[in-house]
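A.B. asks: Sharing a structure, written as structure tokens. Questions coming.
The numbers here are math on the coordinates, done by the rules we state, and not lab data. All figures in this text were calculated on a predicted structure; none of them were measured in a lab. Glycine also receives a Cβ, built like all others from the backbone with ideal geometry; neighbour counts cover every protein chain displayed.
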Amino acid sequence: MANAGAQSAANRVEQTGRQASRSRWVQLLARTGYAAKGIVYLIVGGFAVAAAVGTGGGTTDRTGAVRAIYDQPLGKFWLVLVAVGWLGFALWSLLEAWLDPEGEGSGAKGIAARVGYAVVGCSYAGLAITALRLVAGSGGGGTSSSAQTQGWTARLLAHGWGVALVIAAGLVVLGVAAYLFYTAYSARFEKHLASPGNGAIAGWVRRLGRAGYAALGVVFTIIGIFLIAAAVQHNPGEAIGLDGALRTLARQPLGHVLLGIVALGLFAYGIYSFAEARYRRLTPA
């Protein structure tokens, strides 16, 4: 009897979630969120392009994007608007993980995709909170992705199984990189988009998506390699995040060229995110 009651309650919760996901306001928040995600990558890519051609300071990451928005005229106002978008994207990502509107399924591959949606949702919720704390004057804009990565790497390495766990994390990141490269090659992201009804627009969306996912694949590959290096050398200082990955590219032979190519890819991903805001299918299965 108790089990039946619990199942009934779970069904009601799921039904409520599905109704919420169909809500016009939730879907508006989701589309705003995809656009807000695009703003992040336009800023990160723009900073990296400027660093590559020698007209700007250095590379940055998502927390750097928060500070960049805040430092603009009317920065607090714009940052609040963008933070609302990030919260909308976080909400939709968590609904994707829970309700599976993308139809990923309950197999190992589907579960991995849905876990990925949950991780992305939590990360953008954290980014929004960082932004709102900065606006409220109760935070300094957060720490860089490299500092965050080094922090949790150090905590893991302090434990007996830490080396194995960090190596496992590095391998997972490399697996994500491989998936991103496959997504770029296959253009499988198109299955989540409604047809724009214009062949030229569809072609540009495909090219932007491919460039963006390939650039993200490069970044995740570098992050994964350095995580494994941090584990092998038992040195959390070797671990890096997005900003560190871009700096690593810049230090290579012909680094300004490599950084420029990846930077343009990240910028392309930002534009592609705006296409997602317009064409992404949001109707649950």
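A.B. asks: Select, from Ser144, Ser123, the only residue that is within 15 Å of the chain's Cα centre (by Cα) and over 28 Å from Arg188 (Cα atoms).
C.D. replies: Numbers: Ser123 fails: over 28 Å from Arg188 (Cα atoms).
Of the residues listed, the single one that is within 15 Å of the chain's Cα centre (by Cα) and over 28 Å from Arg188 (Cα atoms) is Ser144.
A.B. asks: Please specify each residue of the stretch 226-246 satisfying the condition of being more than 19 Å from the chain's Cα centre (by Cα) and either on the phi > 0 side of the Ramachandran plot or aliphatic (A, V, I, L, M) (or both).
C.D. replies: Within the stretch 226-246, Ile228, Ala229, Ala230, Ala231, Val232, His234 qualify.
A.B. asks: For the stretch 128-167, give me the residue count where each residue is of a type in the set (A, V, I, L, M), farther than 23 Å from Thr63 by Cα and exposed (fewer than 15 other Cβ atoms within 10 Å of the Cβ).
C.D. replies: Number satisfying all stated conditions: 2.
A.B. asks: Restricting to the stretch 74-117, and then to whatever is of a type in the set (Asp, Glu) and free of Cβ contacts under 8 Å to residues at least 40 places away in the same chain, can you tell me which residue is nearest to Val176 (Cα to Cα)? I'd like the intermediate steps shown before the answer.
C.D. replies: First pass over the stretch 74-117, keeping only residues of a type in the set (Asp, Glu): 96, 100, 102, 104.
Filter again for free of Cβ contacts under 8 Å to residues at least 40 places away in the same chain, leaving 96, 104.
Values: Glu96: 18, Glu104: 16 Å.
Of everything passing the filter in the stretch 74-117, Glu104 is nearest to Val176 (Cα to Cα).
A.B. asks: Select, from Thr183, Thr149, Thr130, the only residue that is under 18 Å from the mean Cα position of the chain (by Cα), more than 22 Å from Gly33 (Cβ to Cβ), β-branched (Val, Ile, Thr) and in a helix (DSSP H, G or I). Quick ask: steps written out before the conclusion?
C.D. replies: Values: Thr183 fails: more than 22 Å from Gly33 (Cβ to Cβ); Thr130 fails: more than 22 Å from Gly33 (Cβ to Cβ).
When all the criteria are applied, what remains is Thr149.
A.B. asks: Something else: Return yes or no: is Asp71 on the phi > 0 side of the Ramachandran plot and either out of contact with any Ser or Thr (no Cβ under 7 Å at 6 or more places or on another chain) or buried (at least 19 other Cβ atoms within 10 Å of the Cβ) (or both)? Lay out the reasoning, then the answer.
C.D. replies: Values: on the phi > 0 side of the Ramachandran plot: no; either out of contact with any Ser or Thr (no Cβ under 7 Å at 6 or more places or on another chain) or buried (at least 19 other Cβ atoms within 10 Å of the Cβ) (or both): yes.
When the stated conditions are applied, Asp71 does not pass them.
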